[in-house]
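Each remark here refers to the structure printed beneath this line.
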Amino acid sequence: MIRMRKFRRNNLTRELFTEVSITKNQLVMPIFIVEKINWSKEISSMPNIYQYSPDLAVKHVEELTDLGISNFILFGIPNHKDQSGSEAYNNKGVIPNAIKLIKETFDDKLTLFADVCLCEYTNHGHCGIPNETGQIVNDKSLNYLAKAALVYAEAGADWVAPSNMMDGRVITIKRVLDDANFTDVGILSYSAKFASNYYGPFRDAAESPPQFGDRKSYQIDYRTKRQALLEVESDIQQGADAVMVKPALPYLDIISKVRELTDLPLFAYNVSGEYSMVKFGAKAGLFDERAMVIENLIAIRRAGADVILTYHTSDIVKNGWLYQE
Ligand SMILES: [Zn+2]
């Protein structure tokens with residue numbers, strides 16, 4: 001018999017045998033940017049998360065960089081939406097402007113990721129371009145996505161992060177970036193993105209619910225695991241520099257499998273529904289928020305993720321949660 005309790009006998013011993021930890025360097029804060037000036041608004045379904053105009057986003061970023069956060073991913077909410085999501089690849093659009101402003105202010109003191117999708121920019125709310133019958137046309141959508149990625153690279157994004165789940169998005173974007181000599185701009189692919197019910201609050205935040213149908217023809221069905229692994233393999237072959245699993249907590253088995261599959265950096269997106277469940281649960285007095293957040297994030301790291309995109313980032317550093325007993 002092995003006496004396991006000797007590993008747990010007091011706090012120092014438990015600390016000694018800790019295998020998994022989280023540091024601020026491994027967290028990425030998502031930010032929603034609205035095409036306005038001097039404006040911010042709390043998202044009612046995501047307590048303590050705000051939409052910001054680019055100028056106030058800079059202030060928010062400054063607050064977090066002062067507390068040691070150096071990774072941010074931007075999502076844009078344009079004033080104008082149309083059939084082909086033209087504001088996604090307008091070089092004077094909301095995201096290129098925000099990237100320029102943030103990079104001018106902070107330069108290489110932070111790493112900036114730009115989400116690449118069309119759903120926030122299209123009047124139908126889909127991640128690709130539909131035909132007359134409402135089918136999302138894969139190859140037609142790729143050029144628009146690549147244009148958007150190029151515009152974000154030109155504005156100064158360090159990484160582009162295609163989240164749209166169109167087949168061939170990574171190789172299409174990579175060719176366009178390479179041709180324009182953006183060989184240092186990384187491609188973080190949302191490789192294993194499931195058609196999940198956990199995105200509800202995000203759709204409020206990004207004002208992007210689909211106006212017809214759903215996203216099941218491009219996002220992965222959650223009753224399959226092997227399709228997720230095929231997606232990851234395909235993205236790696238296409239030249240992805242890092243891959244992502246989304247959502248995180250209900251998909252720890254996928255994170256663990258992808259970890260076995262590749263030595264590339266593995267990201268996990270602790271999505272809006274995961275965030276809001278913790279927030280509203282803590283507000284209702286069901287559990288201690290800090291303890292729950294740390295346990296959740298450790299579980300995601302333990303499954304094998306290197307980096308976590310999480311809305312909790314702000315609360316974690318503002319409240320010093322990583323350093324409490
Ligand atoms: Zn999308």
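A short reminder: the numbers here are calculations on the coordinates, not readings from a lab. Only a predicted model underlies this, so the values are computations on that prediction, with no experimental measurement involved. Cβ atoms come from the backbone with ideal geometry, glycine included; neighbour counts cover every protein chain shown.
Overview of results
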item	result
Cubic angstrom per residue, convex hull over Cα atoms of the stretch 37-116	107
The stretch 15-109: chymotrypsin sites (Phe, Trp or Tyr not before Pro) in DSSP loop, at most 10 other beta carbons within 10 Å	F17
Calculated from backbone phi, Karplus (6.51, -1.76, 1.60) coupling profile of the stretch 38-48 in Hz, x at Gly/Pro	6, 9, 8, 8, 6, 8, 4, 7, 9, x, 6
Length-normalised contact order for the stretch 269-325 - Cα pairs under 8 Å, 6+ apart - percent	43
Max mean-square fluctuation residue, GNM over the chain, Cα-Cα springs under 10 Å, options E15, E274, E289	E15
Separation between Cα centres of the stretch 92-118 and the stretch 1-80, rounded to whole Å	17
Unsatisfied cross-links (Cα-Cα over 21 Å) in the set K147/K174; K100/K193; K109/K147; K41/K246; K59/K193; K193/K225	K100/K193; K109/K147; K41/K246; K59/K193
Fluctuation leader among G128, G156, G281 - the chain, Gaussian network, Cα springs under 10 angstrom	G281
Cα-derived Rg to Rh of the stretch 62-212, Kirkwood definition	0.96
Whole-Hz couplings from phi, Karplus 6.51/-1.76/1.60, listed for the stretch 175-184; x for Gly and Pro	4, 5, 5, 4, 4, 9, 6, 8, 6, 8
Per-residue Cβ neighbour rank within 10 angstrom, fewest leading, K257, K318	K318, K257
Selected from R226, R175, R14 as most flexible by GNM, with the chain as the system and alpha-carbon contacts under 10 Å	R14
Span per principal axis, largest first, for the Cα atoms of the chain (Å)	66, 45, 40
Inter-label distance, nm, simple model (7 Å from Cα along the C-beta direction), D178/K140	2.8
Efficiency of FRET between D263 and K109 - r from beta-carbon atoms, R0 35 angstrom, step 0.05	0.80
Amide H partners (placed H, <5 Å) of E35, local residues excluded	I77, N79
Two-decimal Rg/Rh across the stretch 1-136, once Rg and the Kirkwood Rh are taken from alpha-carbon atoms	1.19
With Cα atoms, 0 to 90° folded angle of helix 138-155 axis to the chain main axis	70
Calculated P(r) tail over 15 Å for the stretch 174-224, as whole % of Cα pairs	63
Amide proton proximity set for I220, modelled H, under 5 Å, gap of 5+	K193, F194, A195
Inter-label distance for E19 and S256, nm, one decimal - labels placed 7 Å from Cα along Cα-to-Cβ	1.1
Order of R203, R8 under a 10 Å beta carbon neighbour criterion, fewest first	R8, R203
Volume in Å³ per residue [convex hull over Cα atoms, computed for the stretch 184-325]	146
Expected-Rg normalisation [2.2 N^0.38 Å, Cα atoms] applied to the stretch 262-316	1.19
